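The values are calculated or read from the model by the stated rules, or taken from the named source; none is laboratory data. This one's a predicted model, so the numbers in the text were calculated from it and none came from an experiment. All Cβ positions, even for glycine, are placed from backbone atoms using ideal geometry, and neighbour counts span all protein chains on display. When the accessible area is computed, the model is the full protein with side chains, heavy atoms only, and any ligands, DNA or RNA have been set aside. Shrake-Rupley method; radii C 1.70, N 1.55, O 1.52, S 1.80 Å.
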Amino acid sequence: RCSCDAMPHTRISPRRALSTYVVVSVAVFAVTRLQAVPGLGAYVHLIVAAIFLLSAVRLTRDDPAHYGVALGGLLEPSTDDRPAGPLGLFDLFRALVRAIPSALRELGVALGVAAVVFPLYAVGYHWWVEPHSSFALALPPALASLVLAQLVVVALPEEAFFRGYLQTALGDSSARRVRVLGVELALGAWVVQAALFALVHFIVDPNPGRLAVFFPGLLFGWVRAWRGGIGAAIALHALSNLYSEILARSWL
């Protein structure tokens, strides 16, 4: 849900949004250079995730619903008068319970989009990679841990920052709207956030192939605009990464 029509929100200038992106990207680049440092390399991905997520939460805290990061009320301030419990655990539990219907709904949307997009992606992947062996399903080891990592460490932080904060902040300053497959989008914001999403991947790993994430960035941005929040985009992002991993293991 979005409360942007019910209450005013502070508009962020494109310059400020892009400056924030530069600062966050520099921090992410600096952290990823620590991978070779003994004792730190194993935590680099967690630190990067924290940079994206904490930046997004801080930048959107005044109106998380407008930025699509409320996550079914999970990240909205509690209005419950009941005791918060030690370290706010009671509040957290109640928020998680409230978010379950929304989470299931958005997961269903993500699965529906995946059912349309993933077969097309598999065809394109086969054409591009030209595998020399036939497909033999090979699941990643520790699949449950990988699913959790993709959701919490990869998809949630990146969607909160790029589709939550950045796409919304840039879109607020754009009067031009277009419809793409029935979804109204701020065209410039939609394209720019996907380009910046691809660019930060290239900065971290200077391989031209990393720029291809521009296209999933467009898809996730379209889903975010359609749903009014990042829930379905998070699920689709995690599913996409898992699907790519499975295809690579099964064909290569």
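The stretch between ALA136 and ARG15, if pulled fully straight at 0.36 nm per residue, gains 38.7 nm over its current Cα-Cα span.
Heavy-atom surface analysis with a 1.4 Å probe gives the stretch 139-239 a carbon and sulfur content of 69 percent of its accessible area.
Helix 14-32 versus the longest principal axis of the chain: what angle, 0 to 90°, nearest 10, using Cα atoms? For 14-32 against the chain, the angle is about 50 degrees.
Could you tell me which of rounded, prolate or oblate describes the chain, using a ≥ b ≥ c as the square roots of the eigenvalues of the alpha-carbon gyration tensor, with rounded for a/c under 1.5 and, failing that, prolate when a/b is larger than b/c and oblate otherwise? It would help to have the intermediate numbers written out before the result.
Details: a/c = 1.40, a/b = 1.31, b/c = 1.07.
It comes out rounded by the Cα gyration axes.
Calculated mean residue ellipticity, 222 nm, the chain: -19000 deg cm²/dmol, from DSSP H runs (n ≥ 4) at -39500 (n - 2.57) each, averaged per residue and rounded to 500. Can you bin the stretch 200-252 into rounded, prolate or oblate? Criterion: square roots of the alpha carbon gyration tensor eigenvalues sorted a ≥ b ≥ c, rounded for a/c under 1.5, prolate for a/b above b/c, oblate for the rest. Oblate is the answer for the stretch 200-252, as a/c is 1.5 or above yet b/c matches or exceeds a/b.
Excluding ligands, DNA and RNA, what is the solvent-accessible area per residue of the stretch 119-252 at a probe of 1.4 Å, expressed in Å²? Could you put the intermediate results ahead of the total?
Details: 6530 Å² over 134 residues.
Per-residue accessible area for the stretch 119-252 comes out at 49 Å².
Once you have the Cα-Cα distance between LEU107 and ALA212, take 0.36 nm times their residue separation minus that, and quote the gain in nm to one decimal. Write down the numbers at each step before the final one.
Working: separation 105, 0.36 × 105 = 37.80 nm, distance 2.45 nm.
Extending this stretch completely gives an extra 35.3 nm.
Summarised in one figure, the compactness ratio Rg/Rh of the stretch 164-236, Cα atoms and Kirkwood Rh, is 0.99. Per residue, the average separation of C-alpha pairs within less than 8 Å and at least 6 apart gives the stretch 108-204 a relative contact order of 17 percent.
When peptides 44-52, 205-213 are sorted by average Cβ neighbour count within 10 Å, with the highest value leading, the order is 44-52, 205-213. Against the chain, whose longest principal axis is taken from its Cα atoms, helix 231-251 shows a tilt of about 10°. By its C-alpha gyration tensor, with a ≥ b ≥ c as the square roots of the eigenvalues, how is the stretch 84-204 shaped: rounded for a/c under 1.5, else prolate for a/b larger than b/c, else oblate? Oblate, since a/c reaches 1.5 and b/c is not below a/b. In the chain, the longest principal axis of the Cα atoms and the axis of helix 214-227 are about 40 degrees apart.
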